[in-house]
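Structure record follows, encoded as structure tokens.
The values are calculated or read from the model by the stated rules, or taken from the named source; none is laboratory data. Quick caveat, the model's predicted, so the values are computed rather than measured. Cβ sites come from the backbone with ideal geometry, for glycine too, and all protein chains shown count toward neighbours. Accessible surface is based on the protein model in full, side chains and every heavy atom, while ligands, DNA and RNA are left aside. Shrake-Rupley method; radii C 1.70, N 1.55, O 1.52, S 1.80 Å.
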Amino acid sequence: MNIDFHCHFYPEEYLKKLEASKGDVRIETNEKGEKIILSMGAKAGPVTEDFFDIEVRLDKIKRNRIDMQVLTAPHPGVDRFSPEESAEMSRAINDGLSKVVKKYPNNFQALAMLPLIDTKLALKELDRAIFDLGLKGICMLTNVAGKTSDSDFLLPVYERAQKIGVPIFIHPTTPVGAQVMQEWRIAIILGFEFDIMLSATRLAYSGILEGLPELNFVIAHLGAGIPFLAGRIDRGYHDPMCGVKTKKPTTEYLRDLHTDTVCFYQPTLKFAYEFFGAERMVMGSDFPLPIGDLEAAVPSIEQMDITGDEKEKILGKNVQRLLKLNT
């Protein structure tokens, strides 16, 4: 079974709320009449029917040999609003995702967005999304309104996720300092990747990964540059000036993370495979964003020079295990 773990769906109610927004996170119409999602200087879109029409999407995934997608609505996220607005948007997202899952349970599952800027509201929505709506985990951003992934206010959410046995998918967002990345979509092309590395490394350096060993984190885009910079990242553990206090070198924790395969470039896929291993990789497309590639998602894994059993794990079995799917 081929399962696309990294793909996005934007319920229409959520899109309406973004269109009504007047802040730094909003939807606006460009000179061509296209609707563009803006987030702190980064742009995504245009918002086509692929973003919100599940019938159109169902036909496209079948044509590309994808049996199931795990839907998320991460970027631009809900954290740049007031706590009350953030909670309202989270409910709109999760209700919309749940409707899709209930209509097509064999083709779609979903991860919840939470109003993480308010811990009490986030915990309330987490329980509602998992136990009332039947969503399978959490999707969060690499920074929460500019606050890092190891911030104290996030710990209760991590602890609750570990207790109830659901994974957390960490999706990139516009990094702090994005004012120098506005031209050429650099905030998305490079800034997102930096924020993935920053988020994962802080989780490891801070001891959160050590303290929550049963919590499954999935980081995006093959871990960005983490496999390439693994030796340098470990210097933080060995260099007393850095003050890292974990029991093991940092990469031993980073190797325990899961990562999606949104890259499609064979040398990079192989490099990530050598770092994480087939047990920790999940296939992804990043559909429907232009930077993704639905057509390449399955073939890129099939073309890897690894065993058939390992390909099956990456294509779907690892997601079945992570999400506890009875398929």
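Quick notes on this one:
- Within segment 110-139, being more than 16 Å from ARG91 (Cβ to Cβ) and open to solvent by less than 10 Å² (accessible area, probe 1.4 Å) holds for one residue alone: GLY137.
- Residue pairs meeting the criteria (Cβ under 8 Å; at least 6 apart or on separate chains; first over 18 Å from ASP305 (Cβ atoms), in segment 270-288; second crowded, with 23+ Cβ neighbours inside 10 Å and acidic (Asp, Glu)): VAL282/ASP260; GLY284/ASP4; GLY284/ASP260; SER285/ASP4; PHE287/ASP4
- Of the listed requirements (1) buried (at least 16 other Cβ atoms within 10 Å of the Cβ); (2) farther than 24 Å from VAL282 by Cα; (3) modelled with pLDDT under 90, ASP24 misses just one: (1).
- Close pairs (6 angstrom Cβ cut-off, 6 or more residues apart or separate chains): farther than 17 Å from ASN106 by Cα in segment 301-327, surrounded by fewer than 20 Cβ atoms within 10 Å (Cβ to Cβ) anywhere: ILE301/LYS311; GLU310/ALA278; LYS313/ALA278; ILE314/ALA278
- Members of segment 291-307 that are closer than 14 Å to TYR273 by Cα and open to solvent by 40 Å² or more (accessible area, probe 1.4 Å): GLU302, GLN303, ASP305, THR307
- The criterion of at least 3 residues that are more than 30 Å from ASP53 (Cβ to Cβ) is met by the following helices (runs of 4 or more DSSP H) wholly inside segment 240-327: 250-254, 266-276, 308-312.
- Considering residues of segment 140-161 that are touching a strand residue (DSSP E or B) at 6+ places or on another chain (Cβ under 9 Å) and in a helix (DSSP H, G or I) only, the residue surrounded by the fewest Cβ atoms within 10 Å (Cβ to Cβ): PHE153
- Residue match in segment 72-92 (condition: of a type in the set (Ser, Thr, Tyr), open to solvent by 10 Å² or more (accessible area, probe 1.4 Å) and over 30 Å from VAL298 (Cβ atoms)): yes
- Considering only residues in segment 27-63 that are of a type outside the set (A, V, I, L, M) and in contact with a His (Cβ under 9 Å, 6 or more places away or on another chain), the one that is surrounded by the most Cβ atoms within 10 Å (Cβ to Cβ) turns out to be PHE51.
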